[in-house]
2 protein chains.
Amino acid sequence: MIPSSRDDAFALDRKDPLARLREQFDLPQEIIYLNGNSLGPPPRRALRRLRETAETEWRHGLIRSWNDAGWMDLPKKCGEKIAPLIGADPQDVLVADSVSVNIFKLAAALCKKCAGAIAYHADEFPTDGYILQGLSHLTNTPLHRLLPDADQHALSDDVSVLIKSIVHYKTAAVADIAAWEDAAAQKNIAIIWDLSHAAGVISVDLKKHGARFAVGCGYKFINGGPGAPAFVYVDHEAAKDLRQPLSGWMGHAAPFQFAEAYAPADGVSRFACGTPPILSLSALDTALDVFADAPISEIEGKAKKMGDIFLALSADLGLENISPPPSERRGGHVSLKFSHGYEVMQALIARGVIGDFRAPDIMRFGFSPLYLSYADIWDAAEILSDVLRSEEWRKAEYAIRGKVT
Amino acid sequence: MIPSSRDDAFALDRKDPLARLREQFDLPQEIIYLNGNSLGPPPRRALRRLRETAETEWRHGLIRSWNDAGWMDLPKKCGEKIAPLIGADPQDVLVADSVSVNIFKLAAALCKKCAGAIAYHADEFPTDGYILQGLSHLTNTPLHRLLPDADQHALSDDVSVLIKSIVHYKTAAVADIAAWEDAAAQKNIAIIWDLSHAAGVISVDLKKHGARFAVGCGYKFINGGPGAPAFVYVDHEAAKDLRQPLSGWMGHAAPFQFAEAYAPADGVSRFACGTPPILSLSALDTALDVFADAPISEIEGKAKKMGDIFLALSADLGLENISPPPSERRGGHVSLKFSHGYEVMQALIARGVIGDFRAPDIMRFGFSPLYLSYADIWDAAEILSDVLRSEEWRKAEYAIRGKVT
């Protein structure tokens, strides 16, 4: 299965049922984009839609577009399109605000209902822990941290709410949702799943595995645009009991009645807060249509295969793979450790292979099946090999650190 | 000063130093847009900038644009441009999230520091009260409501935090910031000013009048686009003591160190939360440049004059003016009460005069000096007069209510 030549890689592409999706994107010719795990590229149709939203709906329709162009419905409409990617009922997903804000809404609503502590996993994406630190400080709720290697058996009885990533942002390890939910159910713990690095690249079955609460990102594998609004999933039964504190007017049952007293909308709609950013939301809405042409299980399969190939082709370069090996399930990216990883990544970017770097020594390579070919993976591995063997990363220019790396 | 003919109105336009700004907008020919108090129209350059951000920075620059295109700096850069409109130091304003979310951040941070109640004014924009209701529920903080006609003397000693609009969303009455701040200072009350209906149309001197905390909207008179991100102002001295609970990674002192413990950035920057919506933010950033060509005091002067003229020309139509009369200061809009205001507004919209309606009986007309002419005001008043005298609003089609009105 691992190609032994560029022709082998092309042969894989010819048999790839997802290859036809590549034309929906308009990536610069000169680069191989392995950073869709951080910012997805624009689907052509999302760019067209954004122009239409700005230059027709905003410019000509003006205020009338809230109704006439369906702006009011976008948060729910986007949610309905995300639902099949994450195994949720369409009515249970809403697009709103950022991942960080949505974590706060959910954690605060759940924490208000329960007596126990809120907990996070020490080495997961920092904002998840930061938000719980903020909530704990505000409400004097005890805060627990799980050690990096803790599994579901480490959950203690005094925890009420846990935030947990499905795909680890560094390693791409995939959490066993069912196992965590089973352990949590025994201790009456609500888990908020963070799908930021999972949504759009692996198949997630939230409802089937008993997950009732989740958040996720619109700008990574979903390709919704830089800083695209995030999503929130709340099982409709569970939503009934939840009063989230960011109770802005868009989450009101009847926002345009301008009543003085807050009355939450039904279901996940009560997790809306302020007026949503329509320009960003409309790009996201159309970006999601790319997924209508591709089952998420096929997407996961191709992402895994591309990652396996990349790992195999770069196996003898002296890099340490900290991601799950080919025999295990993995998210859409692969992380390789190297003491001079920063410099190597700069040299790769200069050669047109764009991944990213996470301090202190991790190079991440994302494999979005929507626009990458097996030939891209072959070429990227060749260039990585070349950069390492030639030691061109030692050039002084690659050691200068920018702000976002 | 009140024109007695259309020619008089044209004469006013010829002398208007702000008239040159109109060409920066591209409003449809067939309408008179009196709803900039709800959604401002796009400046031409904001549409160009949005195309560039999407089709060059996102499409070609991809992840690199966070540095190379300055995306990381947009929240502060937009804040610096808003500062002169509201009388703030440039370093003290940040663009982030929505008005509702920003109210929560500020109210929660202040409420955590103080012992007393949080308070809102009963008839002001509902989301302000809704957010305090949510915060009160979460933290068990007592909640006070001020009666609609309460002034600053109604503040009781047990209040710690008050949210207060500078321009009332219905009446356009302007609050006396200095008087409220003086009364609040005596009782150690922190006021969060809501500038949503003020920013970009009246001159506000927050710092001069002792105001330390404010939020405001980017999509009304500032013309940043539908659902544009909001702003938050926090005096840098006051910010030092504040720990806001929506402590997402973008408000961290060093977000890209991925440290486990939250450490707030300096000043207002700690009020950032998640990743900002860049498409919406870039339109806002460029929309703000229109204000570089026009002193806010001139803008307020013209808005007032247009409102006065509109009130004078529609004085004998049987409508009740609930806005401040010509002798008083007023925000950028005028509100007229009429029992069939909904139907009249629909008839006006059908005739190309776009205002809005607030239940149960208020018609609002916004007067943005950036793109409206005195001739527009003359024509709008003529059409209003015609719709009322002819009773064309009685047509059945105007009685059907849409979702957003």
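The values are calculated or read from the model by the stated rules, or taken from the named source; none is laboratory data. On a predicted model such as this, the values are computed, not experimentally measured, just so you know. Here the Cβ positions follow ideal geometry from the backbone for every residue, glycine too, while neighbour counts run over all protein chains shown.
Looking at (1) outside the structural domain of residue B:231 (by TED's automatic domain parsing); (2) crowded, with 19+ Cβ neighbours inside 10 Å; (3) closer than 23 Å to residue B:205 by Cα, which one does residue B:343 not meet, given that it meets all the others?
The single condition residue B:343 does not satisfy is (3).
Given the criteria within 10 Å of chain B (Cβ to nearest Cβ) and of a type in the set (Gly, Ala, Ser), does residue A:9 qualify?
Criteria not met by residue A:9.
Where the second residue is of a type in the set (Asp, Glu) and modelled with pLDDT of 95 or more and the first is in a loop (DSSP other than H, G, I, E, B) and lies in region B:236-258, which pairs have Cβ atoms under 6 Å and are six or more apart or on separate chains?
Going by the 6 Å Cβ cut-off, there are no qualifying pairs.
All but one of (1) closer than 29 Å to residue A:300 by Cα; (2) away from every other protein chain (no Cβ under 14 Å); (3) surrounded by fewer than 19 Cβ atoms within 10 Å (Cβ to Cβ) hold for residue A:191; state the number of the condition that does not hold.
The failed condition is (3).
Residues of region A:73-106 being of a type in the set (Gly, Ala, Ser) and either within 14 Å of residue A:239 (Cβ to Cβ) or within 11 Å of chain B (Cβ to nearest Cβ) (or both), which ones?
If the condition is that a residue be of a type in the set (Gly, Ala, Ser) and either within 14 Å of residue A:239 (Cβ to Cβ) or within 11 Å of chain B (Cβ to nearest Cβ) (or both), then A:79, A:88, A:96, A:98, A:100 are the ones that fit.
When you look at residue B:289, is it more than 24 Å from residue B:11 (Cβ to Cβ), touching a strand residue (DSSP E or B) at 6+ places or on another chain (Cβ under 8 Å), surrounded by fewer than 24 Cβ atoms within 10 Å (Cβ to Cβ) and at pLDDT 95 or above, yes or no? Before the answer, list the steps.
Details: more than 24 Å from residue B:11 (Cβ to Cβ): yes; touching a strand residue (DSSP E or B) at 6+ places or on another chain (Cβ under 8 Å): yes; surrounded by fewer than 24 Cβ atoms within 10 Å (Cβ to Cβ): yes; at pLDDT 95 or above: yes.
Considered against the rule, which asks whether it is more than 24 Å from residue B:11 (Cβ to Cβ), touching a strand residue (DSSP E or B) at 6+ places or on another chain (Cβ under 8 Å), surrounded by fewer than 24 Cβ atoms within 10 Å (Cβ to Cβ) and at pLDDT 95 or above, residue B:289 comes out as yes.
Give the residues of region B:37-72 that are among the hydrophobic types (A, V, I, L, M, F, W, C) and touching a strand residue (DSSP E or B) at 6+ places or on another chain (Cβ under 7 Å), sorted by residue number.
Correct list: B:62, B:63.
Go through region A:218-247 residue by residue and tally those that are over 30 Å from residue A:47 (Cβ atoms) and of a type outside the set (Lys, Arg).
Qualifying residue count for the region: 12.
Do we find that residue A:135 is more than 28 Å from residue A:283 (Cβ to Cβ), of a type outside the set (S, T, N, Q) and crowded, with 24+ Cβ neighbours inside 10 Å in this structure?
Yes, satisfied.
Failed condition for residue B:54, given (1) over 24 Å from residue B:178 (Cβ atoms); (2) part of a helix (DSSP H, G or I); (3) more than 10 Å from chain A (Cβ to nearest Cβ); (4) not β-branched (Val, Ile, Thr), with all others met?
(3)
Is it the case, given these coordinates, that residue B:227 is facing chain A (nearest Cβ under 7 Å) and at pLDDT 95 or above?
Yes.
Name, by its number, the condition in (1) under 30 Å from residue B:43 (Cβ atoms); (2) not in a helix (DSSP H, G or I) that does not hold for residue A:74.
(2)
For residue A:94, are the conditions met, namely being in the same structural domain as residue A:201 (by TED's automatic domain parsing), of a type in the set (A, V, I, L, M, F, W, C) and assigned to a helix (DSSP H, G or I)? Even if it seems obvious, please write down each step before you answer.
Numbers: in the same structural domain as residue A:201 (by TED's automatic domain parsing): yes; of a type in the set (A, V, I, L, M, F, W, C): yes; assigned to a helix (DSSP H, G or I): no.
Answer is no for this residue.
Conditions (1) outside the structural domain of residue A:146 (by TED's automatic domain parsing); (2) touching a Phe, Trp or Tyr at 6+ places or on another chain (Cβ under 6 Å); (3) within 20 Å of residue A:86 (Cβ to Cβ), marked per residue:
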site	(1), (2), (3)
A:177	no, no, yes
A:197	no, yes, yes
A:211	no, yes, yes
A:245	no, no, no
A:256	no, no, no
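Restricting to region A:265-282, what's the tally of residues that are among the β-branched types (Val, Ile, Thr) and outside any helix (DSSP H, G or I)?
Within region A:265-282, residues that are among the β-branched types (Val, Ile, Thr) and outside any helix (DSSP H, G or I) number 1.
Pull out all pairs, ordered by first then second residue, where Cβ-Cβ is under 7 Å, the residues are six or more apart or on different chains, the first lies in region A:293-321 and is outside the structural domain of residue A:380 (by TED's automatic domain parsing) and farther than 21 Å from residue A:206 by Cα, and the second is among the aromatic types (Phe, Trp, Tyr) and modelled with pLDDT under 95.
none
Note down all Cβ pairs under 9 Å where the first residue falls in region B:182-203 and is free of Cβ contacts under 8 Å to residues at least 40 places away in the same chain, the second is of a type in the set (Asp, Glu) and part of a helix (DSSP H, G or I), and they're at least six residues apart or on different chains.
Partner pairs satisfying both residue conditions: B:191/B:181.
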